[in-house]
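S.K.: Okay, handing you the structure first.
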Amino acid sequence: MPAPQVQFLYDFGSPNAYLSHRVIPQIEARTGVRFDYVPVLLGGLFKLANNRSPVEAYAEIPNKLAYERLEMQRFIARHALTAYRHNPHFPVNTLQVMRGATAAALDGQLAAYNEAVFSAMWEQGLKMDDPAVIRQALDAAGLDGARTLERMQDPAVKAQLLASTQQAYERGAFGSPTFFVGIEIYFGKDKLPEVEREITRAAQA
C-alpha cells in the first residue's frame with residue numbers, strides 16, 4: 001500500500017514546533033514515512049482563526065500557564081531534548097524567517113534551513129527577527145544568508161507563504177504545530193503518538 005501523506009505545519013516562533021521537529025525523526029525511523037514540512041505564518045493563522053497564543057489566552061489563568069510549562073518540561077525530559085533553551089527574545093516576529101523557509105522549500109534547501117533556524121531560535125536563543133542576526137545564523141550553518149534575505153523579499157515567496165497559511169486555515173488549522181495524516185488533523189506536540197498510530201493504521205489499510 002502507498003504510504004500516507006504526512007504534513008507538519010509549523011512556525012519557528014512556536015517552541016512546541018521545535019520540540020516536535022526534534023521528535024519527528026524518531027517517528028520517521030519507526031514508520032518509514034517522511035513528514036512534509038509546510039511553513040505557515042502563525043500570526044496570520046491566528047488572525048484567520050480568531051486565535052491567540054497561550055501566553056495571551058491564559059494570561060489571567062496562572063495555574064493554566066504553570067501547567068503548560070510543566071507539560072513542556074515533561075515532554076523535554078521524556079525525549080531527552082537537553083539542547084532546548086527558552087529564547088530570551090520571545091516572542092519573536094517570525095515573518096522574515098518564515099518567508100525564508102518558503103524560499104528554502106522552493107529552492108530545495110528546506111531541511112538545512114529548518115535545522116539552522118530551529119537551532120538558532122530554541123538552542124542558541126538568537127533574536128531571529130533581526131536581519132543581521134538571521135544572516136549570521138544562516139552563514140554559520142553553511143547557508144547563503146545574504147541571498148536568503150534577498151529571497152525573503154521576492155513577491156512570489158511572500159504570496160506562497162500567504163497562500164500556505166490560508167490553505168492551512170481552510171483545512172482546519174488554528175495554530176502550530178499542526179499535523180495532517182491524509183485528511184486527519186492533529187494539533188500539538190502531545191498528539192504525536194496519535195499521529196504515529198494513524199500513520200501505521202493508514203499504511204496497513
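Readers should treat all values here as calculations from the given coordinates under stated rules, not as data from a laboratory. Small disclaimer: the values here were computed from a predicted structure and weren't measured. With ideal geometry, Cβ positions are generated from the backbone for all residues, glycine too; neighbour counts draw on all protein chains shown.
S.K.: What is the Rg over Rh value, at two decimals, for the stretch 22-83, using alpha-carbon atoms and the Kirkwood definition of Rh?
M.R.: On the way: Rg = 15.6 Å, Rh = 14.5 Å.
Value, to two decimals: 1.08.
S.K.: Only loop residues by DSSP count here, and only those with at most 16 other Cβ atoms within 10 Å; note down the chymotrypsin sites (Phe, Trp or Tyr not before Pro) in the stretch 97-197 that meet that.
M.R.: On the way: sites: Tyr113, Phe118, Trp122, Tyr169, Phe174, Phe179, Phe180, Tyr186, Phe187; in loops: Phe174.
Passing both the DSSP loop test and the Cβ count: Phe174.
S.K.: Next question. State, as an integer percentage, the relative contact order of the stretch 6-204 based on alpha-carbon contacts under 8 Å between residues 6 or more apart. Kindly include the intermediate steps, with their values, before the conclusion.
M.R.: Values: 260 pairs, mean separation 65.6, N = 199.
The value is 33 percent.
S.K.: Just to be sure I understand: if I project the alpha-carbon convex hull of the stretch 6-204 onto a plane and average over all orientations, what area do I get in nm²? Display every interim value, and only then the final one.
M.R.: Numbers: hull surface 44.4 nm².
Result: 11.1 nm².
S.K.: If you count the DSSP beta bridges with both ends in the chain, what percent of them are antiparallel, to the nearest 5?
M.R.: Values: 8 of 13 bridges.
Around 60 percent of the beta bridges assigned by DSSP in the chain are antiparallel ones.
S.K.: On a C-alpha basis, how far is the centre of the stretch 182-205 from the centre of the stretch 109-150 in Å? Whole number, if you could?
M.R.: First find each Cα centre; the distance between them is then 30 Å.
S.K.: What are the residues whose amide H is under 5 Å from the amide H of Tyr37, where those residues sit 5 or more places off or on another chain and H is modelled from the backbone?
M.R.: For Tyr37, whose amide H was placed from the backbone, the distant partners under 5 Å are Phe8.
S.K.: Let me ask something else about it. What length, rounded to one decimal in nm, is gained on full extension from Asn50 through to Leu65, with 0.36 nm per residue of separation minus their alpha-carbon distance?
M.R.: Details: separation 15, 0.36 × 15 = 5.40 nm, distance 2.00 nm.
Full extension from Asn50 to Leu65 adds 3.4 nm.
S.K.: Between Thr165, Thr102, Thr82, find the one with the highest GNM mean-square fluctuation for the chain; connect C-alpha pairs within less than 10 Å.
M.R.: Highest fluctuation of the listed residues: Thr82.
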